[in-house]
Amino acid sequence: MNQRQLTKLPIGIQDFVKLREGGYLYVDKTKYLVDLIDSGAVYFLSRPRRFGKSLTISTLDALFSRKKELFEGLYAEAFLNRPEFQPCPVVRLDMSQTTTDQDVDALRASMLLQVQQNAARYGLEISETSPGSALNQLLHDLAKKQGRVAVLIDEYDKPILDSLQDLEKAEVFRASLRNFYTQIKASDEQTRFVFVTGITKFTKTGIFSAMNNLNDISMDEQYASMLGYTREELDHSFAPHIQQTAEALRLSEEELLEKIKAYYNGFSFDGEHFVYNPFYILNFFS
């Protein structure tokens, strides 16, 4: 099979818009996102690195922004066509982009910058100078201007994980993050949907201790296959890649799939369903 016939693999691409507009292979996970929106409003999901958390955040952003053209042929297309669905403003915070190799003032400055960048996205200016107060102002001003807000936080725990070799610094970072995250609970009337991702679950950060309405779906059977590829998804979406790779390695397709399973299918988040690590699968076929 000619390489040019294969759908491009989105290695390292975490932006849903770029992935869809670029014609890259996409395993449709939007049913899980629709179920989340239909079922509740405040969620936390923990997964390892390189497992698709950032792409999930980006996809939710596109959903709430009602970028319908990107969802053509996907499960969420019907959701976006519901008469009752209304788009809403999105506040998106990527804590992996904060400054963590300096002191807490640098961390706070980078958090404030993200709030200001979100405000600029909607033509708003932030007068508050502390990250927590700025976030509170943004949520209130944005809700007043355009309606209740979807808040999407990626890698909420990154500043703490980056400072674990210095426990005193980690504690200072945690206190600063607590003041920042508690503003989301304080702005409950202004939020429509909250989705938080991270690698682990740190208490006393304001995410779990203050947001006592947070629904942790990390080990929920219903969402066990929300990130990562199932065997069925592998068979369906990667069929041409499987065929070409099997030919190149002089294996039968079943032999190849058994070897792939042995290397990459070791993840289960409910003890029942197993998924392949998406980053490693993409690199393997590449």
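Before moving on, here are some points about what is shown:
- Subset of the range 231-268 that is polar (S, T, N, Q) and in contact with a helix residue (DSSP H, G or I) (Cβ under 7 Å, 6 or more places away or on another chain) - its residue that is surrounded by the fewest Cβ atoms within 10 Å (Cβ to Cβ): Ser252
- Qualifying residue in the range 240-247 (condition: of a type outside the set (Val, Ile, Thr) and in a loop (DSSP other than H, G, I, E, B)): no
- Check on Gln146, farther than 26 Å from Asp38 by Cα and either free of Cβ contacts under 8 Å to residues at least 60 places away in the same chain or not β-branched (Val, Ile, Thr) (or both): no
- Among residues that are part of a helix (DSSP H, G or I), touching a Ser or Thr at 6+ places or on another chain (Cβ under 9 Å), open to solvent by 10 Å² or more (accessible area, probe 1.4 Å) and free of Cβ contacts under 8 Å to residues at least 12 places away in the same chain, Ala78 is not included.
- Answer residue from the range 22-53, given it is of a type in the set (Ser, Thr, Tyr), touching a Ser or Thr at 6+ places or on another chain (Cβ under 9 Å) and part of a helix (DSSP H, G or I) and is most open to solvent (accessible area, probe 1.4 Å) among those: Tyr32
- Restricting Val151, Val104 to those that are of a type in the set (A, V, I, L, M, F, W, C), touching a residue at least 12 places away in the same chain (Cβ under 8 Å) and over 24 Å from Gly52 (Cα atoms) reduces the list to Val104.
The values are calculated or read from the model by the stated rules, or taken from the named source; none is laboratory data. Everything numeric in this text was worked out from a predicted model, so none of it was measured. Positions of Cβ are backbone-derived with ideal geometry, glycine not excepted, and every protein chain shown enters the neighbour counts. Surface areas here come from the heavy atoms of the whole protein model, side chains and all, with no ligands, DNA or RNA. Shrake-Rupley method; radii C 1.70, N 1.55, O 1.52, S 1.80 Å.
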